[in-house]
């Protein structure tokens, strides 16, 4: 972590150790947000309008899954880890499943690999759509939010038809999947994928031309390639500066090595780049699903394995919508694991998010934090300390959102140099 | 949150999301109660003016769900604050959530 | 690709007075003593053998605590394992080589009680609740039991 670039010499001395300012100045606050997202919070240190330091505190949803996994049968853990996250639930169970499968002598049937790919990509489309909607919400563009979440329903309908549930699909099993693709769904899926790709292109146009989005996202949240690499950012957070980091390409799993796949990277290195990147990825996902559905091989969907997993250790990684998911499992040859370690992409992207915030203004905070596509409602409550005025206050997510919208209101945007360039 | 969106649209029944507990009539709690959130949940509940109701959404809020027994997970929301309605599911469907909310409001009348 | 990777890892291992073991086709494990960890990780990272650190795992090995750094490059995975003593343990921090490791080290600090010397956020809790009693041992040790922890955190039914 770099030393603070503060102009205030006393502040520079204090923050050199990153943590030396007095914690009595920062008021920790209850992180319950009325919109029901997971409660987390941040403390931000400001100098006037600019963010100087951010301290995360993410223990509010800590449940103790890794400990619980040690006392539960292997297969039970699959459905527990699925509930780590509502949005990347399938890929969690997939990554855990893959790590355990390799310890056995059994192989995953081809048809199961293709079905896993289809569900994983459906999840990705859903996640990216949800995220684009949230970006619209935080930027004050409610229409975008409502339209995108409407499209999201078509994805959830397909998921529900295949798996029986909208969110926790429980489709994975060791060495296979639990349910087959329903008959006669191919045409419907292909049609819906075409529709969603069209919508993604339309939203792409909107974010490239709509004033609200342009102002809030262009040149905001910039990071260099070197910083991103050193901070171990994953997924879209690495690809938005041009790094070719995508597990589906680098270390293919499921059926990704058999299906034509093109990685999406961008060079802008700002939040607008992230928007373009995720929408482009969405289009790639629709192509992947279309191909997989048309080339689905025949055969079994599952190989049953005994409840005792041979001793050994193995790790697996998958590309969740938010980035690389990593699981490490260790077996001592029993019915329960000795150790399961699960690392979600949001934890990997958090240092990058904190770095992105430095130098940004208060009004950019909601957009920048949402940009990493966090798996926690990070803006529920935030406390602020302005070291120039010694003012301290706390805001709810809604207050912060309104501040950002007002700051970038239409009256100011007419003078925006960015818009003068793009809309002369 | 899907209940807010056009397909389900809970607003047509008169339910609206508010930014502060002081403006609320109903508190909907999702997810597990853990050591970190226990006291904060109680504080939020105390801030809501009477008459107030609580809905515990999902298996985790009701009894810990799939995380029951984990070292940082409590037994359920009713251990911390009184609950008027449980909506089961993991997660509950938006229709189930709306049904729960409306049933509660119907009984409250 | 795997042959090249293994050879480069072997080169670094020699300096750390150790040898890699092949777990399976694309997975290698190297046991490194604490005194050589920084030098080893620095070589792996700065020589470009791997520029991807997935995470750092803590492990209760019975007598000692294991710390595993998981590196990867394309299809190859490298696990670098070191051990420290079980109680009041300190380990070297790699945040000056790889700043992104800061949260992973904090997590092991919370769950296993290992202090990473050189990590600026060792006095902060990342995951554990504020109400965690000082005298309660870290939760992920095999000797720590969930029912006891829940009682101490007052999570049992009142």
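Based on alpha-carbon atoms only, what is the radius of gyration of region A:192-333 relative to the globular estimate 2.2 N^0.38 Å?
Against the empirical 2.2 N^0.38 Å value, I get 1.30 for region A:192-333.
Across the Cα atoms of region A:262-325, what radius of gyration and what greatest pairwise Cα-Cα distance (Dmax) are found, in Å?
Every Cα atom of region A:262-325 included, Rg and Dmax give 17.9, 50 Å.
How high is the FRET efficiency from residue A:190 to residue C:88, r the C-beta distance, R0 56 Å, rounded to 0.05?
Efficiency computed from Cβ-Cβ geometry: 0.35.
Give me the orientation-averaged projected area of the Cα convex hull of region A:179-234, in nm², one decimal.
7.2 nm²
Hey, any idea what the orientation-averaged projected area of the convex hull of region A:65-346's Cα atoms comes to, in nm²?
For the Cα atoms of region A:65-346, the hull's average projected area reads 14.2 nm².
Listing C:77, C:87 from the residue with the fewest other Cβ atoms within 10 Å to the one with the most, what is the order?
The most exposed by this proxy come first: C:87, C:77.
Strictly greater than 27 Å: what percent of every Cα pair in region A:250-407 meets that?
49 percent
Can you give the Rg and Dmax of the protein assembly as shown based on its C-alpha atoms, in angstrom?
24.5, 78
Please give the average number of partner chain Cβ atoms lying within 10 Å of the Cβ of each residue in B:59-71, rounded to a whole number.
The mean count of partner-chain Cβ atoms within 10 Å per residue comes to 5.
Report, to one decimal in Å, the Kirkwood hydrodynamic radius for region C:1-47 based on all distinct Cα pairs.
10.8 Å
Calculate the all-directions average of the projected area of region C:1-115's alpha-carbon convex hull, and give it in nm².
Average projection, Cα convex hull of region C:1-115: 6.7 nm².
FYI, it's all coordinate maths here, none of it is from the lab. This structure is a prediction, so every number in the text was calculated from the model and none was measured. Neighbour counts are summed over all protein chains in view; Cβ atoms, including those assigned to glycine, are modelled from backbone coordinates with ideal geometry.
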